[in-house]
Amino acid sequence: MTFKNDKFPSSEAFDVINAALSASEADKKDAIKQGNAIFAFTIKNKAGETESWHIDLKEKGAVGTGVGTKPTVTLSLSDEDFAKLVSGQANAQRLFMSGKLKIKGDVMKATKLQPILAKAQTKAKL
């Protein structure tokens, strides 16, 4: 299954994150232990369209489309800023402070996302 949506170039990161989680059972268990949450992302593209994906690090250790079941935290940002966040060119805290990243739900859980995104950074070609 592929999560990339051509209207949202940064969505390729969800394929990379899913591949990283699927690569080894140990990595998956580690990510679930670290995350212990469902992280939802609502991404807005240049055309003003929005699409959602989620990373389930509570039970499955997998990526899915839509916000998932009862997301612990939802992050809303532009396609461009998500690409920067995943590639390490942007810092979540700075995006949040500048109003480019909106967080709904458990803000502290959002901080647990950085190591998971770091795994994608090494593999994504964004």
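Counting only residues at least eight positions apart within a chain, or on another chain, the lysines with an alpha carbon under 19 Å from that of LYS119 are LYS4, LYS28, LYS29, LYS33, LYS58, LYS60, LYS84, LYS109.
What is the chain's relative contact order, in percent, from Cα pairs under 8 angstrom and six or more apart in sequence? Intermediate results must be reported in sequence, preceding the final value.
Details: 227 pairs, mean separation 32.4, N = 126.
Normalised by residue count, the contact order of the chain is 26 percent.
Working note: Debye formula, equal point scatterers on the alpha-carbon atoms of the range 1-107, no solvent; log10 I(q)/I(0) at q = 0.11, 0.17, 0.20 Å⁻¹ is -0.32, -0.78, -1.08. Across the range 36-81, the relative contact order, built from alpha-carbon pairs under 8 Å that are at least six residues apart, equals 47 percent.
Per residue, the chain exposes 55 Å² of solvent-accessible protein surface, assessed with a 1.4 angstrom probe and all protein chains in place.
At a 1.4 Å probe, what is the % contribution of carbon and sulfur to the accessible area of the chain? Mind dumping the intermediate values first?
Details: 3610 of 6900 Å².
Taking all protein chains in place, the chain shows 52 percent carbon and sulfur surface.
With contacts taken as Cα pairs under 8 Å and at least 6 residues apart, the range 77-120 reaches a relative contact order of 42 percent.
The values are calculated or read from the model by the stated rules, or taken from the named source; none is laboratory data. Small disclaimer: the values here were computed from a predicted structure and weren't measured. SASA here: full protein model, heavy atoms, side chains in, ligands and nucleic acids out. Shrake-Rupley method; radii C 1.70, N 1.55, O 1.52, S 1.80 Å.
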